[in-house]
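Working notes, structure below.
Read the figures in this text as sums done on the coordinates, not as results from a lab. Predicted, not measured: the structure shown is a model, and the values here were computed from it. Cβ placement follows ideal geometry from the backbone for every residue including glycine, while neighbour counts extend to all protein chains displayed.
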Amino acid sequence: MPFSVSRRVVLTSTAMMAASLITGSAATAADAVVAPPAPYGPLPSARQLKWHELEFYGFCHFTVNTFTDKEWGYGDEPESAFNPTDFNADQIAATAESAGMKGLILTCKHHDGFCLWPSKYTEHCVKNSTWQAGNGDVVRDLSAACRKHGLKFGVYLSPWDRNSKLYGMPEYVTYYRNQLRELLSNYGDISEVWFDGANGGDGYYGGAREKRHIDNHVYYDWPNTWSIIRQMMPNAVLFSDAGPDVRWVGNENGMAGDPCWATLDMNKPNRVPGGTAVGNTSGERPGTAWVPAECDVSIRPGWFYHPSENDKVKTPAQLLNLYFQSVGHGAALNLNIPPDRRGQIHEPDVKSLAEFGRLLRETFATDLAHGAKVTASNVRGNSKSFSAEHLIDGDRQTYWATDDEIKTPEVVVDFGKPTTFNIVRLREFLPLGQRAEAFALDQWKAGKWEQFADGTSIGNCRLVRTAPVLTDKLRLRITKSPVCPAIAELAVFSEAPGAK
Ligand code: FUL
């Protein structure tokens, strides 16, 4: 009986409306009575769901360090040190776009305290540098270039300030918040605010030249700083070692753990504002909050541009590996591309990024599962709303789900002809939480199924990259799940040739 409806899933009309909202598709009369699975565990907020769609964006480390050849400025650099000879925000944004990035996060103020915008709260900023006769504003120009190139724009405002004489005193927190307000008021939409965990130590501090230590848990009063952003820029995600929206992955190598759960247990002692990143690489299951990971890494050994590193730019193949180990584990990739002393992305970096972008675009252009025949061992209430077809419809808002008691189902993709691939992409339907805990992939070979890969967390995106598989049928088995799975995508790709 094709569209039979089991007892357990008969709904009231209110629940039916909720069901069609949560499936994201208009339910037909026949399936309007089948309820979606109940959400499992912590759920993403609307702003986190939007952030998950970005997957890959860039960091832009630029300040006096670019000119002094340092990684951490002491805070005593003269404003004249910042003097790009040919700053070109458009070139920076165009380079990011060519790589396939969806946004850029600028170090508006790094630990040295120099501000890349004309702040009215300090003299230590671009208004006192000779660059553009003191009229320059990197934040203005780069945010505008990002908008032009369809990129999101995020801000990094270092809590640690080695220039400010106020650092370590309560007045500094007011200063910091005032600067945050400037950035949130004057530069359009801000997608992410990045809070660095590096804090306190020696510095210039207005001439004191001493060591200053603060207690990161209490000094900045993070809850009240975060609430400023919630009020002024409600869609911006807040990044720090402890979230609250996005967590640091716990290393600067661009690699997420395996598994990398999107959830954390906020009852652990380090899960407080200003807390540490212990446990961040893999996340915690089932967790109490949705705090997915971001993997930050630089295209060069350093975060800032150094001429001595011009021959140490990561290759397109290295960048592709990082993509698989970050985005492919359900996290985001934040790849740093530091402008040089002209104020542009240096040539070897531009070349590598363009080629990496080509590899990404060509690899993921054609889903070989599109148009295949998909058959599932179970479909929730036999309803079209939850059919296995949704795995290959290219739409993240629709998904395949099973009846509540079916936790380890399988689905077969029949290509109808021998097909070669080496990448399988899986996505869960995130509004229902991270559900599946393990899966396996089989190929049909010599008349029987043969497993060629397995894995743990899926979440926003799981990329399985293998040696080339040639088969006419692929099987996905969910091998462990506390509840019935809700899988939004099973896509199949063949890697573009030429990754060097
Ligand atoms: C670290 C900083 O100390 C580095 O300079 C860099 O900004 C990196 C992204 O975060 O904590």
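Where the centre of each part is set by its Cα atoms, how far does the range 333-365 sit from the range 446-500, in angstrom? If we compute the Cα centre of each part, the gap is 28 Å. The alpha-carbon of LYS120 sits under 13 angstrom from the alpha-carbons of these aspartates and glutamates, leaving out residues fewer than 8 places away in its chain: ASP137, GLU182. Peptides 92-100, 168-176, 232-240, 460-468, ordered by how many other C-beta atoms sit within 10 Å of their residues on average, highest first, read 92-100, 232-240, 460-468, 168-176. Our summary gives the range 82-148 a relative contact order of 35 percent, counting only alpha carbon pairs under 8 angstrom and 6 or more residues apart. For the range 203-298, the equivalent ellipsoid built from the Cα gyration tensor has semi-axes of 26, 18, 14 Å, listed from largest to smallest.
In percent, rounded to a whole number, the relative contact order of the chain is 16, using alpha-carbon pairs under 8 Å and six or more apart. When the C-alpha to C-alpha distance is required to be over 32 Å, the pairs from LYS351/LYS445; LYS109/LYS312; LYS314/LYS373; LYS384/LYS480 that qualify are LYS351/LYS445; LYS314/LYS373.
The orientation-averaged projection of the convex hull spanning the C-alpha atoms of the range 122-201 amounts to 6.1 square nanometres. A simple spin-label model places the labels of LEU49 and MET169 4.7 nm from each other, with each point 7 Å out along Cα-to-Cβ.
When the range 323-445 is described by a simple charge dipole with +1 on each Lys and Arg Cβ and -1 on each Asp and Glu Cβ, the residue from LEU441, ASN382, SER326 located farthest towards its positive end is SER326. Looking at the range 369-413, the pairs of alpha carbons with a distance over 12 Å make up 56% of the total.
Near GLN231: Cβ cut-off under 13 Å, other residues only, Lys/Arg at +1 and Asp/Glu at -1. The net charge is +3.
Taking a sphere under 9 Å around the Cβ of ALA289 and counting the other residues whose Cβ falls inside, with K and R at +1 and D and E at -1, yields a net charge of 0.
Rounded to the nearest 10 degrees, the inclination of helix 13-23 to the longest alpha-carbon principal axis of the chain is 60 degrees. Annotation for ASN253 and ALA365: the two label points, set 7 Å from Cα along the Cα-Cβ direction, are 3.4 nm apart.
The alpha carbon centroids of the range 376-438 and the range 176-229 are separated by 44 Å.
Lacking any other cysteine beta-carbon closer than 4.7 Å, the following Cys residues of the chain have no compatible partner: CYS60, CYS108, CYS146, CYS260, CYS295, CYS461, CYS484.
Using a Förster distance of 22 angstrom, determine the FRET efficiency expected from the C-beta separation of ASP86 and LYS148, and round it to 0.05. Calculated transfer efficiency: 0.75. Summing Cβ point charges (Lys, Arg +1; Asp, Glu -1) relative to the Cα centre of the chain gives a dipole of roughly 940 debye.
With a Förster radius of 51 Å applied to the C-beta separation of GLU405 and ALA354, the computed FRET efficiency comes to 0.50. Let me make sure I get this right: for the range 337-424, a, b and c are the square roots of the gyration tensor eigenvalues over alpha carbons, sorted descending. Under 1.5 in a/c it's rounded, otherwise prolate if a/b > b/c, else oblate. Which is it? Prolate shape, in that a/c is at least 1.5 and a/b is the bigger ratio. What residues from the range 221-256 fall in the zone where the backbone N is under 20 Å from a label point 7 Å along the Cα-to-C-beta line of VAL278? Residues passing the 20 Å test: 240-244, 247-252. Report, as a whole number in µm² per second, the diffusion coefficient that Stokes-Einstein gives for the range 195-255 at 37 °C and 0.692 mPa s using the Kirkwood radius over alpha carbon pairs. My calculation gives 239 µm²/s for D.
When you work out D = kT/(6 pi eta Rh) for the range 279-416 at 37 °C and 0.692 mPa s, using the Kirkwood radius from C-alpha pairs as Rh and the Stokes-Einstein form, the result is 176 µm²/s.
Computed over the alpha-carbon atoms, the chain gives an Rg to Rh ratio of 1.02, Rh here being the Kirkwood radius from the mean inverse distance.
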